[in-house]
Amino acid sequence: MGKALIIGAGGVASVAIHKCCQNPDVFEEICIASRTLEKCEEIKNKLAGSRTKIHTAQLDADYTEEVINLIKSFKPDIVMNLALPYQDLTIMDACLATGVDYLDTANYEPPDVAKFEYKWQWAYREKFAQAGLTALLGSGFDPGVTGVFCAYAQKHYFDEIHSIDIVDANAGDHGYPFATNFNPEINIREITANGRYFENGSWVETAPLSVKKVYDLPEIGPKSIYLMYHEELESLAIHIKGIKRIRFWMTFSDNYLNHLHVLENVGMTSIEPIEFEGRQIIPLQFLKAILPDPASLGPRTKGKTNIGCIMQGIKDGKPRTYYVYNVCDHQECYAEVGSQAISYTTGVPAMIGAMLMLKGLWKKPGVFNVEEFDPDPFMEALNKCGLPWQESFLPTLLD
Ligand code: NDP
(Lines give C-alpha, C1' and ligand atoms only; values in the text may rest on other atoms or scores of the structure.)
Protein backbone atom coordinates (compact mmCIF):
# COMPACT_ATOMS: atom_id res chain seq x y z
CA MET A 1 0.00 0.00 0.00
CA GLY A 2 2.74 2.50 0.85
CA LYS A 3 6.17 3.63 1.95
CA ALA A 4 7.03 5.20 5.31
CA LEU A 5 10.13 7.15 6.26
CA ILE A 6 10.61 6.61 10.00
CA ILE A 7 12.88 9.17 11.68
CA GLY A 8 14.39 8.02 14.99
CA ALA A 9 15.68 4.62 16.03
CA GLY A 10 15.05 4.73 19.79
CA GLY A 11 12.61 2.87 22.03
CA VAL A 12 9.41 4.15 20.43
CA ALA A 13 10.67 3.87 16.84
CA SER A 14 11.82 0.30 17.41
CA VAL A 15 8.32 -0.79 18.50
CA ALA A 16 6.61 1.13 15.69
CA ILE A 17 8.93 -0.51 13.16
CA HIS A 18 8.22 -4.00 14.55
CA LYS A 19 4.51 -3.23 14.28
CA CYS A 20 4.83 -1.87 10.72
CA CYS A 21 6.50 -5.14 9.80
CA GLN A 22 3.54 -7.04 11.28
CA ASN A 23 1.39 -5.19 8.71
CA PRO A 24 3.42 -5.62 5.50
CA ASP A 25 0.41 -5.13 3.23
CA VAL A 26 0.13 -1.56 4.51
CA PHE A 27 3.83 -0.84 5.10
CA GLU A 28 5.42 -2.32 1.98
CA GLU A 29 8.67 -0.41 2.38
CA ILE A 30 10.14 1.57 5.24
CA CYS A 31 13.33 3.56 5.69
CA ILE A 32 14.71 3.96 9.24
CA ALA A 33 16.79 7.11 9.65
CA SER A 34 18.64 8.62 12.60
CA ARG A 35 21.98 10.30 13.28
CA THR A 36 23.49 6.96 14.36
CA LEU A 37 23.26 4.58 11.43
CA GLU A 38 24.19 1.55 13.60
CA LYS A 39 20.98 1.96 15.64
CA CYS A 40 18.96 1.80 12.40
CA GLU A 41 20.92 -1.22 11.19
CA GLU A 42 20.42 -2.98 14.51
CA ILE A 43 16.62 -2.71 14.22
CA LYS A 44 16.75 -3.76 10.57
CA ASN A 45 18.80 -6.86 11.46
CA LYS A 46 16.32 -7.89 14.15
CA LEU A 47 13.60 -7.86 11.50
CA ALA A 48 15.46 -9.74 8.80
CA GLY A 49 13.00 -11.92 6.91
CA SER A 50 10.12 -9.46 7.26
CA ARG A 51 7.92 -8.98 4.18
CA THR A 52 8.29 -5.22 4.65
CA LYS A 53 11.36 -4.11 2.74
CA ILE A 54 13.61 -2.19 5.16
CA HIS A 55 16.14 0.50 4.20
CA THR A 56 18.32 2.56 6.54
CA ALA A 57 19.86 6.01 6.26
CA GLN A 58 21.95 8.37 8.31
CA LEU A 59 20.09 11.62 8.95
CA ASP A 60 20.36 14.65 11.20
CA ALA A 61 16.77 15.86 11.19
CA ASP A 62 17.75 19.18 12.77
CA TYR A 63 18.58 20.19 9.20
CA THR A 64 15.56 20.55 6.90
CA GLU A 65 17.73 20.21 3.77
CA GLU A 66 18.96 16.77 4.91
CA VAL A 67 15.37 15.62 5.47
CA ILE A 68 14.31 17.00 2.07
CA ASN A 69 17.15 15.14 0.33
CA LEU A 70 16.26 11.85 2.01
CA ILE A 71 12.55 12.27 1.18
CA LYS A 72 13.47 12.99 -2.45
CA SER A 73 15.58 9.86 -2.72
CA PHE A 74 13.29 7.44 -0.79
CA LYS A 75 9.96 8.96 -1.97
CA PRO A 76 7.81 7.98 1.04
CA ASP A 77 4.03 8.44 1.28
CA ILE A 78 4.36 9.45 4.93
CA VAL A 79 7.06 10.64 7.32
CA MET A 80 6.75 9.26 10.86
CA ASN A 81 8.70 11.53 13.19
CA LEU A 82 9.71 9.29 16.11
CA ALA A 83 12.86 11.25 16.97
CA LEU A 84 12.56 14.03 19.56
CA PRO A 85 10.17 17.00 19.84
CA TYR A 86 13.02 19.36 18.85
CA GLN A 87 12.89 18.04 15.26
CA ASP A 88 9.13 18.51 14.69
CA LEU A 89 9.33 21.79 12.78
CA THR A 90 12.33 20.98 10.59
CA ILE A 91 10.61 17.73 9.56
CA MET A 92 7.24 19.47 8.95
CA ASP A 93 9.06 22.00 6.75
CA ALA A 94 10.64 19.16 4.77
CA CYS A 95 7.23 17.48 4.33
CA LEU A 96 5.77 20.72 2.98
CA ALA A 97 8.70 21.20 0.61
CA THR A 98 8.30 17.70 -0.82
CA GLY A 99 4.51 17.16 -0.58
CA VAL A 100 4.43 14.30 1.95
CA ASP A 101 2.10 13.61 4.93
CA TYR A 102 3.49 13.95 8.47
CA LEU A 103 2.94 12.22 11.84
CA ASP A 104 4.54 12.58 15.28
CA THR A 105 4.03 11.57 18.93
CA ALA A 106 5.07 14.69 20.84
CA ASN A 107 4.57 18.41 20.29
CA TYR A 108 7.36 20.79 19.35
CA GLU A 109 9.51 22.12 22.12
CA PRO A 110 12.29 24.67 21.66
CA PRO A 111 15.53 23.08 22.98
CA ASP A 112 16.28 26.04 25.28
CA VAL A 113 12.80 26.51 26.89
CA ALA A 114 10.95 23.63 28.57
CA LYS A 115 7.56 24.59 27.14
CA PHE A 116 4.98 22.17 25.77
CA GLU A 117 2.68 24.02 23.43
CA TYR A 118 0.95 23.28 20.16
CA LYS A 119 1.12 26.87 18.92
CA TRP A 120 4.22 26.33 16.81
CA GLN A 121 2.74 23.33 15.01
CA TRP A 122 -0.82 24.68 14.78
CA ALA A 123 0.71 27.66 12.97
CA TYR A 124 1.34 25.24 10.05
CA ARG A 125 -2.42 24.54 9.55
CA GLU A 126 -2.86 26.87 6.62
CA LYS A 127 0.30 25.68 4.84
CA PHE A 128 -0.63 21.99 5.14
CA ALA A 129 -4.23 22.72 4.12
CA GLN A 130 -3.11 24.65 1.04
CA ALA A 131 -0.69 21.88 0.07
CA GLY A 132 -3.45 19.26 0.47
CA LEU A 133 -1.34 17.41 3.05
CA THR A 134 -2.22 15.85 6.40
CA ALA A 135 -0.18 16.37 9.56
CA LEU A 136 -1.29 14.17 12.47
CA LEU A 137 0.05 15.43 15.80
CA GLY A 138 0.58 13.33 18.91
CA SER A 139 -0.21 9.80 17.76
CA GLY A 140 1.34 8.03 20.77
CA PHE A 141 -0.51 6.94 23.92
CA ASP A 142 -0.65 10.19 25.84
CA PRO A 143 -1.01 12.25 23.72
CA GLY A 144 -2.62 9.91 21.25
CA VAL A 145 -4.83 7.10 22.50
CA THR A 146 -6.08 9.32 25.36
CA GLY A 147 -7.44 11.76 22.73
CA VAL A 148 -8.98 8.88 20.77
CA PHE A 149 -10.61 7.59 24.00
CA CYS A 150 -12.16 11.04 24.58
CA ALA A 151 -13.37 11.34 20.97
CA TYR A 152 -14.87 7.81 21.21
CA ALA A 153 -16.72 8.68 24.43
CA GLN A 154 -17.96 11.92 22.90
CA LYS A 155 -19.17 10.13 19.76
CA HIS A 156 -20.92 7.17 21.41
CA TYR A 157 -21.74 7.89 25.05
CA PHE A 158 -22.15 11.58 25.82
CA ASP A 159 -23.99 14.64 24.61
CA GLU A 160 -21.55 16.67 26.67
CA ILE A 161 -18.45 15.63 28.60
CA HIS A 162 -18.00 17.88 31.63
CA SER A 163 -14.87 16.44 33.25
CA ILE A 164 -11.99 14.26 32.13
CA ASP A 165 -9.24 12.85 34.35
CA ILE A 166 -6.48 11.14 32.40
CA VAL A 167 -4.64 8.70 34.67
CA ASP A 168 -1.29 7.29 33.51
CA ALA A 169 -0.03 4.57 35.85
CA ASN A 170 3.12 2.55 35.53
CA ALA A 171 3.45 -0.22 38.10
CA GLY A 172 6.53 -1.62 36.38
CA ASP A 173 9.75 -2.30 38.28
CA HIS A 174 13.11 -2.36 36.46
CA GLY A 175 15.19 -3.00 39.57
CA TYR A 176 17.43 0.09 39.15
CA PRO A 177 17.44 2.69 41.95
CA PHE A 178 16.59 5.39 39.36
CA ALA A 179 15.92 5.35 35.63
CA THR A 180 13.41 6.96 33.30
CA ASN A 181 11.15 4.93 31.04
CA PHE A 182 11.67 7.03 27.95
CA ASN A 183 14.16 9.65 26.84
CA PRO A 184 15.39 10.98 30.25
CA GLU A 185 15.84 14.53 29.04
CA ILE A 186 12.26 14.83 27.73
CA ASN A 187 10.87 12.89 30.71
CA ILE A 188 12.56 15.02 33.40
CA ARG A 189 11.75 18.30 31.63
CA GLU A 190 8.10 17.23 31.72
CA ILE A 191 8.02 16.14 35.36
CA THR A 192 9.89 19.10 36.83
CA ALA A 193 7.59 21.62 35.12
CA ASN A 194 4.65 23.25 36.97
CA GLY A 195 1.38 21.31 37.05
CA ARG A 196 -1.52 22.86 35.15
CA TYR A 197 -5.14 21.93 34.53
CA PHE A 198 -8.12 23.45 32.75
CA GLU A 199 -11.19 24.52 34.71
CA ASN A 200 -14.18 26.68 33.70
CA GLY A 201 -12.44 28.22 30.73
CA SER A 202 -9.06 29.01 32.25
CA TRP A 203 -5.80 27.30 33.23
CA VAL A 204 -4.88 26.76 36.88
CA GLU A 205 -1.16 26.39 37.72
CA THR A 206 0.17 24.25 40.58
CA ALA A 207 3.72 23.80 41.90
CA PRO A 208 5.49 20.73 40.39
CA LEU A 209 4.01 17.47 41.77
CA SER A 210 2.27 19.32 44.64
CA VAL A 211 -1.23 17.81 44.13
CA LYS A 212 -1.44 14.13 45.06
CA LYS A 213 -4.28 11.59 45.37
CA VAL A 214 -4.52 7.82 45.69
CA TYR A 215 -6.49 5.96 43.01
CA ASP A 216 -7.31 2.27 42.88
CA LEU A 217 -6.52 1.20 39.32
CA PRO A 218 -7.89 -1.94 37.68
CA GLU A 219 -5.28 -4.76 37.57
CA ILE A 220 -2.71 -2.56 39.35
CA GLY A 221 -4.26 -1.58 42.67
CA PRO A 222 -4.07 1.65 44.69
CA LYS A 223 -1.33 4.03 43.57
CA SER A 224 -0.25 7.59 44.39
CA ILE A 225 -1.09 9.79 41.43
CA TYR A 226 0.23 13.33 40.92
CA LEU A 227 -1.33 16.16 38.94
CA MET A 228 0.85 17.24 36.01
CA TYR A 229 0.52 19.27 32.87
CA HIS A 230 0.46 17.13 29.75
CA GLU A 231 0.28 18.34 26.21
CA GLU A 232 -3.02 16.70 25.19
CA LEU A 233 -4.86 18.88 27.74
CA GLU A 234 -4.33 21.89 25.46
CA SER A 235 -6.00 20.35 22.43
CA LEU A 236 -8.72 18.42 24.31
CA ALA A 237 -9.78 21.58 26.18
CA ILE A 238 -10.59 23.00 22.74
CA HIS A 239 -11.94 19.95 20.95
CA ILE A 240 -14.19 18.32 23.58
CA LYS A 241 -17.63 19.89 23.51
CA GLY A 242 -18.86 21.37 26.80
CA ILE A 243 -15.73 20.42 28.78
CA LYS A 244 -15.54 22.16 32.16
CA ARG A 245 -12.50 20.51 33.73
CA ILE A 246 -9.66 18.40 32.38
CA ARG A 247 -6.68 17.12 34.38
CA PHE A 248 -3.78 14.72 33.90
CA TRP A 249 -2.36 12.44 36.61
CA MET A 250 0.71 10.23 36.65
CA THR A 251 1.98 7.66 39.19
CA PHE A 252 5.42 7.99 40.76
CA SER A 253 6.94 5.85 43.46
CA ASP A 254 8.35 7.50 46.58
CA ASN A 255 11.77 6.16 45.61
CA TYR A 256 11.59 7.80 42.17
CA LEU A 257 10.54 11.12 43.65
CA ASN A 258 13.28 11.05 46.31
CA HIS A 259 15.94 10.60 43.62
CA LEU A 260 14.38 13.27 41.47
CA HIS A 261 14.30 15.78 44.33
CA VAL A 262 17.95 15.22 45.15
CA LEU A 263 18.95 15.59 41.49
CA GLU A 264 16.89 18.77 41.24
CA ASN A 265 18.31 20.19 44.47
CA VAL A 266 21.89 19.73 43.28
CA GLY A 267 21.11 21.27 39.89
CA MET A 268 21.38 18.13 37.77
CA THR A 269 18.00 18.60 36.08
CA SER A 270 18.76 22.13 34.88
CA ILE A 271 18.75 22.96 31.16
CA GLU A 272 20.88 26.09 31.72
CA PRO A 273 24.39 25.50 30.27
CA ILE A 274 27.28 25.56 32.76
CA GLU A 275 31.04 25.85 32.23
CA PHE A 276 32.82 22.54 33.01
CA GLU A 277 36.54 21.95 32.41
CA GLY A 278 36.70 24.54 29.67
CA ARG A 279 33.49 23.61 27.85
CA GLN A 280 29.79 24.31 28.14
CA ILE A 281 27.60 21.42 29.26
CA ILE A 282 23.89 21.18 30.02
CA PRO A 283 23.45 19.35 33.36
CA LEU A 284 20.30 17.50 32.23
CA GLN A 285 22.07 16.22 29.09
CA PHE A 286 24.98 15.04 31.23
CA LEU A 287 22.50 13.28 33.55
CA LYS A 288 20.93 11.58 30.51
CA ALA A 289 24.36 10.28 29.54
CA ILE A 290 24.91 8.57 32.90
CA LEU A 291 21.40 7.19 33.46
CA PRO A 292 20.46 3.76 32.08
CA ASP A 293 19.41 3.88 28.43
CA PRO A 294 15.60 3.42 28.44
CA ALA A 295 16.04 0.75 25.76
CA SER A 296 18.08 -1.33 28.25
CA LEU A 297 15.15 -1.50 30.70
CA GLY A 298 13.16 -3.85 28.49
CA PRO A 299 14.49 -7.20 29.68
CA ARG A 300 14.45 -6.11 33.36
CA THR A 301 11.00 -4.54 33.71
CA LYS A 302 8.19 -6.52 35.31
CA GLY A 303 4.61 -5.42 36.02
CA LYS A 304 1.88 -3.54 34.18
CA THR A 305 0.85 -0.11 32.98
CA ASN A 306 -2.69 1.20 33.04
CA ILE A 307 -3.52 4.39 31.14
CA GLY A 308 -7.05 5.64 30.71
CA CYS A 309 -9.62 8.42 30.89
CA ILE A 310 -12.27 8.82 33.58
CA MET A 311 -15.13 11.00 32.37
CA GLN A 312 -18.30 12.58 33.66
CA GLY A 313 -21.01 14.26 31.63
CA ILE A 314 -24.57 14.01 30.39
CA LYS A 315 -26.45 11.83 27.90
CA ASP A 316 -30.14 12.43 27.09
CA GLY A 317 -30.36 14.84 30.01
CA LYS A 318 -29.05 12.28 32.55
CA PRO A 319 -25.66 12.25 34.31
CA ARG A 320 -23.26 9.57 33.09
CA THR A 321 -19.78 8.37 34.04
CA TYR A 322 -17.37 6.39 31.87
CA TYR A 323 -13.84 4.98 32.24
CA VAL A 324 -11.89 3.59 29.29
CA TYR A 325 -8.38 2.24 29.75
CA ASN A 326 -5.68 -0.08 28.48
CA VAL A 327 -3.59 -2.40 30.65
CA CYS A 328 -0.25 -3.44 29.20
CA ASP A 329 2.22 -5.99 30.60
CA HIS A 330 5.91 -5.04 30.37
CA GLN A 331 7.15 -8.60 29.96
CA GLU A 332 4.57 -9.51 27.32
CA CYS A 333 5.68 -6.47 25.31
CA TYR A 334 9.29 -7.50 25.66
CA ALA A 335 8.55 -11.04 24.52
CA GLU A 336 6.76 -9.70 21.43
CA VAL A 337 8.96 -6.83 20.23
CA GLY A 338 11.95 -6.61 22.59
CA SER A 339 10.81 -3.38 24.36
CA GLN A 340 9.04 -2.51 27.63
CA ALA A 341 5.48 -1.23 27.81
CA ILE A 342 6.24 2.53 27.75
CA SER A 343 7.83 2.31 24.31
CA TYR A 344 5.20 -0.26 23.28
CA THR A 345 2.20 1.87 24.26
CA THR A 346 3.65 4.75 22.19
CA GLY A 347 5.01 2.82 19.21
CA VAL A 348 1.79 0.88 18.52
CA PRO A 349 -0.44 4.00 18.21
CA ALA A 350 2.21 5.66 16.03
CA MET A 351 1.95 2.72 13.64
CA ILE A 352 -1.88 2.76 13.82
CA GLY A 353 -2.04 6.50 13.02
CA ALA A 354 0.25 6.00 10.03
CA MET A 355 -1.75 2.96 8.90
CA LEU A 356 -5.04 4.92 8.97
CA MET A 357 -3.39 7.75 7.03
CA LEU A 358 -1.96 5.38 4.41
CA LYS A 359 -5.36 3.67 4.07
CA GLY A 360 -6.92 7.11 3.49
CA LEU A 361 -9.22 6.73 6.55
CA TRP A 362 -7.52 9.55 8.47
CA LYS A 363 -6.71 11.94 5.72
CA LYS A 364 -7.78 15.56 5.30
CA PRO A 365 -5.76 18.65 4.44
CA GLY A 366 -4.39 20.50 7.45
CA VAL A 367 -2.76 19.94 10.85
CA PHE A 368 -4.83 17.88 13.29
CA ASN A 369 -4.77 16.32 16.73
CA VAL A 370 -5.98 12.72 16.96
CA GLU A 371 -9.36 13.61 18.55
CA GLU A 372 -10.33 15.50 15.38
CA PHE A 373 -10.64 12.24 13.40
CA ASP A 374 -13.23 9.42 13.58
CA PRO A 375 -12.10 7.37 16.61
CA ASP A 376 -13.78 4.10 15.54
CA PRO A 377 -11.13 2.67 13.17
CA PHE A 378 -8.40 3.59 15.66
CA MET A 379 -10.24 1.92 18.56
CA GLU A 380 -10.74 -1.19 16.43
CA ALA A 381 -7.06 -1.26 15.47
CA LEU A 382 -5.98 -0.92 19.14
CA ASN A 383 -7.80 -4.17 19.92
CA LYS A 384 -6.20 -5.93 16.97
CA CYS A 385 -2.66 -4.55 17.30
CA GLY A 386 -1.77 -5.32 20.91
CA LEU A 387 -3.41 -2.56 22.98
CA PRO A 388 -6.89 -3.86 23.81
CA TRP A 389 -9.03 -1.48 25.86
CA GLN A 390 -11.64 -2.04 28.52
CA GLU A 391 -14.50 0.14 29.65
CA SER A 392 -16.61 0.64 32.74
CA PHE A 393 -19.69 2.79 33.33
CA LEU A 394 -19.32 2.86 37.12
CA PRO A 395 -15.81 4.11 37.85
CA THR A 396 -14.75 5.75 41.09
CA LEU A 397 -14.50 9.45 40.31
CA LEU A 398 -11.68 11.77 41.38
CA ASP A 399 -12.95 14.75 43.37
P1 NDP B 1 14.87 7.82 22.38
O2 NDP B 1 15.78 8.80 23.00
O3 NDP B 1 14.93 6.38 22.77
O4 NDP B 1 15.00 7.88 20.80
C5 NDP B 1 15.11 9.09 20.09
C6 NDP B 1 15.66 8.74 18.72
O7 NDP B 1 15.73 9.94 17.96
C8 NDP B 1 17.05 8.15 18.77
O9 NDP B 1 17.09 7.07 17.90
C10 NDP B 1 17.94 9.29 18.27
O11 NDP B 1 19.04 8.69 17.62
C12 NDP B 1 16.99 10.00 17.30
N13 NDP B 1 17.35 11.40 17.11
C14 NDP B 1 17.60 12.34 18.07
N15 NDP B 1 17.94 13.49 17.50
C16 NDP B 1 17.88 13.29 16.16
C17 NDP B 1 18.15 14.10 15.03
N18 NDP B 1 18.54 15.38 15.16
N19 NDP B 1 18.00 13.56 13.80
C20 NDP B 1 17.64 12.26 13.64
N21 NDP B 1 17.38 11.44 14.67
C22 NDP B 1 17.51 11.95 15.90
O23 NDP B 1 13.39 8.39 22.64
P24 NDP B 1 12.03 7.57 22.65
O25 NDP B 1 12.02 6.57 21.54
O26 NDP B 1 11.76 7.14 24.04
O27 NDP B 1 10.98 8.74 22.32
C28 NDP B 1 10.76 9.16 20.97
C29 NDP B 1 9.68 10.23 20.94
O30 NDP B 1 8.47 9.73 21.46
C31 NDP B 1 10.00 11.48 21.77
O32 NDP B 1 9.61 12.61 21.02
C33 NDP B 1 9.12 11.36 22.98
O34 NDP B 1 8.77 12.61 23.51
C35 NDP B 1 7.92 10.67 22.37
N36 NDP B 1 7.08 9.94 23.35
C37 NDP B 1 5.73 10.09 23.24
C38 NDP B 1 4.90 9.43 24.12
C39 NDP B 1 3.43 9.50 23.94
O40 NDP B 1 2.71 8.72 24.58
N41 NDP B 1 2.88 10.34 23.08
C42 NDP B 1 5.43 8.60 25.21
C43 NDP B 1 6.87 8.42 25.17
C44 NDP B 1 7.65 9.10 24.27
P45 NDP B 1 20.40 9.45 17.33
O46 NDP B 1 20.77 10.14 18.62
O47 NDP B 1 21.33 8.41 16.90
O48 NDP B 1 20.08 10.40 16.24
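The values are calculated or read from the model by the stated rules, or taken from the named source; none is laboratory data. From a predicted model like this one, the values you see are computed outputs, not experimental measurements. Ideal geometry is used to build each Cβ from the backbone, glycine not excepted, and the neighbour counts take in all protein chains shown. Just the protein is used for accessible areas: all its heavy atoms, side chains included, with ligands, DNA and RNA removed. Shrake-Rupley method; radii C 1.70, N 1.55, O 1.52, S 1.80 Å.
Summary of values
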item	result
Unique match (being closer than 17 Å to LEU82 by Cα and either of a type in the set (S, T, N, Q) or touching a Lys or Arg at 6+ places or on another chain (Cβ under 8 Å) (or both)) among SER343, SER392	SER343
Some residue of the stretch 24-36 being under 17 Å from ASN183 (Cα atoms) and either more than 8 Å from the ligand (Cβ to nearest atom) or open to solvent by less than 40 Å² (accessible area, probe 1.4 Å) (or both)	yes
Selected residue [within 19 Å of ALA295 (Cα to Cα), of a type in the set (Asp, Glu) and out of contact with any strand residue (DSSP E or B) (no Cβ under 6 Å at 6 or more places or on another chain)] from GLU372, GLU332	GLU332
Hey, GLU42 open to solvent by 60 Å² or more (accessible area, probe 1.4 Å) and touching a Lys or Arg at 6+ places or on another chain (Cβ under 8 Å) or not	no
Among the residues listed as PRO222, PRO294, the single one being closer than 15 Å to ASN170 by Cβ, surrounded by 19 or more Cβ atoms within 10 Å (Cβ to Cβ) and in contact with a Phe, Trp or Tyr (Cβ under 9 Å, 6 or more places away or on another chain)	PRO294
Test result for LEU103, within 14 Å of the ligand (Cβ to nearest atom), outside the structural domain of ILE243 (by TED's automatic domain parsing) and farther than 23 Å from LEU361 by Cβ	no
Residue among ASP93, ASP88, ASP62 that alone is near the ligand (Cβ under 10 Å from one of its atoms), open to solvent by 40 Å² or more (accessible area, probe 1.4 Å) and either under 30 Å from GLU234 (Cβ atoms) or modelled with pLDDT of 95 or more (or both)	ASP62
The stretch 301-316 - residue that is open to solvent by 70 Å² or more (accessible area, probe 1.4 Å) and out of contact with any helix residue (DSSP H, G or I) (no Cβ under 9 Å at 6 or more places or on another chain) and, of those, nearest to ASP159 (Cα to Cα)	ASP316
Of residues in the stretch 106-134 being among the charged types (D, E, K, R) and within 19 Å of SER235 (Cα to Cα), the one modelled with the lowest pLDDT	LYS115
Qualifying residue in the stretch 158-174 (condition: over 20 Å from ILE225 (Cα atoms) and polar (S, T, N, Q))	no
Positions within the stretch 75-103 being in contact with a Ser or Thr (Cβ under 8 Å, 6 or more places away or on another chain) and of a type in the set (Asp, Glu), in sequence order	ASP93, ASP101
Test: PHE178 is closer than 22 Å to ALA13 by Cα, modelled with pLDDT under 95 and not in a helix (DSSP H, G or I)	no
Residues satisfying the stated conditions in the stretch 339-380, i.e. open to solvent by less than 10 Å² (accessible area, probe 1.4 Å), of a type in the set (Gly, Ala, Ser) and more than 16 Å from the ligand (Cβ to nearest atom)	GLY366
Matching entry among GLY175, GLY144 (being touching a residue at least 12 places away in the same chain (Cβ under 8 Å) and either surrounded by fewer than 16 Cβ atoms within 10 Å (Cβ to Cβ) or touching a Cys at 6+ places or on another chain (Cβ under 9 Å) (or both))	GLY175
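Each row is one residue, and each column tells you yes or no for (1) farther than 30 Å from ASP159 by Cβ; (2) buried (at least 16 other Cβ atoms within 10 Å of the Cβ); (3) in contact with a strand residue (DSSP E or B) (Cβ under 7 Å, 6 or more places away or on another chain).
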site	(1), (2), (3)
TRP203	no, no, yes
TYR215	no, yes, yes
SER235	no, yes, yes
LEU260	yes, yes, no
VAL266	yes, no, no
THR269	yes, yes, no
ALA289	yes, no, no
